[in-house]
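A.B. asks: Got a structure for you, questions after.
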Amino acid sequence: MSNRTHHFGDARANQDKWHYRYIVEGLNDPIFILDSECQISYANKACLAVLGYGPDELLGHSFNKFLHKEEAVEIGKNLAGLTQGTGHELHIEHRLLTGNGNWEVFETCGKSLSGQADQPLGMLHLRNITKQKQTGVDLKTQARLLELLMDISTTYINIPLDKLDSSLKKSLEVLGKYIGADRFYIFEYDFKQNISRNTYEWCSDGIEPEIENLQSIPLTEITDWVECHQRGDIMHIPDVFELPIENGVRQILEPQEIKSMIAVPMMDEKQCLGFVGLDSVRVQHCYSNAEKKLLTVFANMLVSIHNRFFTLEALYMQNDKFKQIAWMQSHLVRAPLARMMGLCSLLERGKYSEVSKPEILEGINRSANELDQIIRNISKKTDILNGHDKYI
């Protein structure tokens with residue numbers, strides 16, 4: 001009777017085992033069973049789809065092997081407790097190395113089980129929450145991004161000219177640190193001289209400045225770069241060393257030990273004034289859409305600043321011209337006019353000799369010509385100020 005009961009119990013246990021395994025194999029989330037040494041003794045099919053590992057890469061290996069080193073010790077203690085006795089449970093979030101070499105975030109639930117001969121086992125149920133976590137990070141990033149853009153916008157609304165230089169340098173530092181760049185800079189294009197020059201630069205600690213080496217760069221050496229910006233496009237190079245060796249852009253970037261870079265044009269309608277750019281020197285970096293947006297907004301703001309101060313400068317110059325005209329009217333016109341009036345008075349009162357009459361008439365004629373030239377000059381300057389001639 002006892003033997004029959006024993007065999008029945010084994011049969012029932014095997015039936016439950018296969019029924020349980022059938023359910024587990026149908027799950028979309030990875031399921032692991034760990035032995036008392038925290039080695040993987042079972043992994044379902046979802047481990048291949050979700051984690052990118054095959055059975056041979058998992059079975060017999062310690063689960064701790066796939067944990068991030070910053071978390072392995074603490075999680076290892078929790079797993080040891082799980083596999084050393086029944087009744088234990090755990091619920092943790094951690095990073096796990098996937099088969100494609102990426103660290104992804106998982107939510108893991110664990111429970112103690114009893115194996116054959118009451119050998120303690122641990123079952124782990126993993127759920128990939130990387131996207132959910134990334135969404136949370138993205139929301140925080142967007143919030144910080146909006147905060148930065150608001151700060152920048154309010155900083156430059158009515159900034160006086162004497163504060164502009166220091167404010168630009170501070171903005172480069174703040175934005176550069178936020179993005180994690182090694183170098184942040186502003187360049188201007190001078191198409192009359194066919195050169196580009198570095199006007200502002202910020203460097204993180206330990207990064208050599210390059211601004212002194214980047215003055216008067218011939219545009220003929222970076223034609224692809226310039227043409228890209230003139231179209232209003234962003235120049236983004238995730239890996240400088242993928243460019244051809246003879247490429248002019250690579251020949252400029254490589255000596256600076258730049259691994260990745262991005263440069264956003266400053267567009268005033270269809271005219272490209274220059275660009276703002278970031279360098280990654282220590283590690284390669286593929287700049288995100290959010291980072292591109294931030295740079296684009298900053299570039300547009302610089303264009304607005306340029307136009308504002310350009311307009312102010314034009315107004316100052318125009319005001320100077322008005323002052324010149326006022327001075328000409330009050331001084332230059334008065335001198336020949338006074339001479340003419342004096343000579344005409346002599347003629348009117350008859351206080352002249354026949355000998356001096358030609359000299360008086362000649363004096364009037366010279367004064368009239370002088371006055372005519374002065375009036376012409378005033379008229380020309382007035383036309384310029386009224387926009388009838390090119391001035392600025």
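A.B. asks: Which one of the conditions (1) touching a helix residue (DSSP H, G or I) at 6+ places or on another chain (Cβ under 8 Å); (2) over 15 Å from LEU278 (Cβ atoms) does LEU175 fail to meet, given that it meets all the rest?
C.D. replies: That leaves (2) as the condition not met.
A.B. asks: Would you pick out the residues in segment 114-131 that are among the aliphatic types (A, V, I, L, M) and either surrounded by 15 or more Cβ atoms within 10 Å (Cβ to Cβ) or at pLDDT 85 or above (or both)?
C.D. replies: Within segment 114-131, LEU121, MET123, LEU124, LEU126, ILE129 qualify.
A.B. asks: Within segment 279-291, can one find any residue that is of a type outside the set (Ser, Thr, Tyr) and assigned to a strand (DSSP E or B)?
C.D. replies: yes
Conditions (1) acidic (Asp, Glu); (2) under 19 Å from the mean Cα position of the chain (by Cα), marked per residue:
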residue	(1), (2)
ARG197	no, no
GLU208	yes, no
ILE217	no, no
ASP233	yes, yes
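A.B. asks: Take the residues in segment 267-310 that are surrounded by fewer than 16 Cβ atoms within 10 Å (Cβ to Cβ) and among the hydroxyl-bearing types (Ser, Thr, Tyr); name whichever of them is nearest to the chain's Cα centre (by Cα).
C.D. replies: Of everything passing the filter in segment 267-310, SER288 is nearest to the chain's Cα centre (by Cα).
A.B. asks: Could you grab me the full set of residues in segment 168-223 that are among the polar types (S, T, N, Q) and either buried (at least 17 other Cβ atoms within 10 Å of the Cβ) or part of a helix (DSSP H, G or I) (or both)? If you could, list the steps in order and put the result at the bottom.
C.D. replies: The initial filter retains those residues of segment 168-223 that are among the polar types (S, T, N, Q), namely 171, 193-194, 196, 198-199, 204, 213, 215-216, 220, 223.
Of everything in segment 168-223, those that are among the polar types (S, T, N, Q) and either buried (at least 17 other Cβ atoms within 10 Å of the Cβ) or part of a helix (DSSP H, G or I) (or both) turn out to be SER171, SER196, ASN198, ASN213, THR220, THR223.
A.B. asks: Go through segment 224-248 and give me each residue that's surrounded by 14 or more Cβ atoms within 10 Å (Cβ to Cβ), out of contact with any helix residue (DSSP H, G or I) (no Cβ under 7 Å at 6 or more places or on another chain) and not in a strand (DSSP E or B).
C.D. replies: CYS228, HIS229, GLN230, PRO238, ASN247 - these are the residues of segment 224-248 that are surrounded by 14 or more Cβ atoms within 10 Å (Cβ to Cβ), out of contact with any helix residue (DSSP H, G or I) (no Cβ under 7 Å at 6 or more places or on another chain) and not in a strand (DSSP E or B).
A.B. asks: In addition: Restricted to segment 157-167, and to residues that are loosely packed, with under 14 Cβ neighbours inside 10 Å and not hydrophobic (A, V, I, L, M, F, W, C), which residue is nearest to HIS229 (Cα to Cα)?
C.D. replies: For segment 157-167, the residue satisfying everything is ASP165.
A.B. asks: For LEU243, only one of the following conditions fails: (1) touching a Cys at 6+ places or on another chain (Cβ under 7 Å); (2) under 19 Å from HIS285 (Cβ atoms). What is its number?
C.D. replies: (1)
A.B. asks: Taking segment 209-222 as the region of interest, how many residues are under 19 Å from GLY176 (Cβ atoms), among the acidic types (Asp, Glu) and touching a residue at least 24 places away in the same chain (Cβ under 8 Å)?
C.D. replies: Counting residues in segment 209-222 that are under 19 Å from GLY176 (Cβ atoms), among the acidic types (Asp, Glu) and touching a residue at least 24 places away in the same chain (Cβ under 8 Å) gives 1.
A.B. asks: Restricted to segment 71-109, and to residues that are without any contact (Cβ under 8 Å) to a residue 24 or more places away in the chain and not in a strand (DSSP E or B), which residue is surrounded by the fewest Cβ atoms within 10 Å (Cβ to Cβ)?
C.D. replies: Residue satisfying both the conditions and the ranking: GLY101.
The values are calculated or read from the model by the stated rules, or taken from the named source; none is laboratory data. Note that the structure is a prediction, hence the values are computed from the model and not measured. Backbone-built Cβ (ideal geometry, glycine too); neighbour counts: all protein chains shown.
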